[in-house]
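In what follows, a structure is listed as structure tokens, so that the remarks can point back to it.
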Amino acid sequence: MSNKIVIGADHGAYELKAEIIKHLENRGFSIKNMGVDSADSVDYPDMAEITCKEYFKGNYDFGIVCCGTGIGISISANKVDGIRCALPQNKFGAEMSKVHNNANFIAFGGRIEYHDSVNDMIDAYIDAKFEGGRHQRRVDKIMGLE
Ligand code: RB5
């Protein structure tokens with residue numbers, strides 16, 4: 001574990017991104033912020049691309065991408081070879097995205113009202129452990145689809 005996390009967002013989630021960064025820094029992580037940091041409109045596929053490319057350059061533990069719903073930026077991240085980006089809806093989904101899917105990215109929506117807080121979901125993901133075994137076989141099959 002490098003204790004490094006890379007994060008990027010579009011204008012629909014720059015405030016959420018700031019909250020996530022504060023939370024993760026309080027947990028002792030070092031955060032690489034790929035932007036954006038204002039409401040000025042950008043295209044979420046561009047933010048996904050630069051964040052995913054940085055992930056492969058920088059020995060990060062995992063990456064986070066956010067947009068208004070989390071949908072467009074997670075779809076975009078999953079087009080990048082080597083990325084398995086989860087879009088969890090609650091703490092259970094966040095935990096299982098590591099335990100079963102070994103997701104290396106998680107996505108959230110700045111305009112979504114979640115039942116569990118985004119920071120609680122991130123904690124559930126970070127504190128979970130990939131089970132391997134039959135799940136490794138399935139993850140290998142996912143990656144074989146690239
Ligand atoms: C931008 O208006 C919005 O479409 C984007 O943030 C995201 O919700 C797309 O999936």
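The values are calculated or read from the model by the stated rules, or taken from the named source; none is laboratory data. The structure presented is a predicted model; accordingly, all values stated were derived computationally and were not measured. Because the Cβ atoms are built from the backbone with ideal geometry, glycine has one as well, and the counts that use them run over all protein chains shown.
Every condition in (1) in a helix (DSSP H, G or I); (2) touching a Cys at 6+ places or on another chain (Cβ under 6 Å) holds for residue 20 except the one numbered (2).
Look at the stretch 59-72: where a residue is under 18 Å from residue 29 (Cα atoms) and a partner is more than 11 Å from the ligand (Cβ to nearest atom) and part of a loop (DSSP other than H, G, I, E, B), sitting 6+ places away or on another chain with Cβ atoms under 7 Å, you get 59/2; 60/2; 61/1; 61/2; 61/3; 62/104; 63/104. Candidates are the residues of the stretch 79-113 that are touching a helix residue (DSSP H, G or I) at 6+ places or on another chain (Cβ under 8 Å) and of a type in the set (Val, Ile, Thr); the one that is farthest from the ligand (Cβ to nearest atom) is 99.
Within the stretch 73-93, residues that are under 22 Å from residue 14 (Cβ atoms) and at pLDDT 95 or above sit with their Cβ atoms under 6 Å from residues that are part of a loop (DSSP other than H, G, I, E, B) and not aliphatic (A, V, I, L, M), at 6+ positions apart or across chains, in these pairs: 85/78; 87/70.
With respect to the conditions (1) away from the ligand (no atom under 12 Å from the Cβ); (2) surrounded by 24 or more Cβ atoms within 10 Å (Cβ to Cβ); (3) of a type outside the set (Phe, Trp, Tyr), residue 30 lacks only one, and its number is (2).
Determine whether the stretch 46-64 contains at least one residue that is surrounded by fewer than 24 Cβ atoms within 10 Å (Cβ to Cβ) and of a type in the set (A, V, I, L, M). Yes, the stretch 46-64 contains at least one residue that is surrounded by fewer than 24 Cβ atoms within 10 Å (Cβ to Cβ) and of a type in the set (A, V, I, L, M). Only residues that are of a type in the set (Gly, Ala, Ser) and more than 11 Å from the ligand (Cβ to nearest atom) were counted across the stretch 9-27, and they come to 1.
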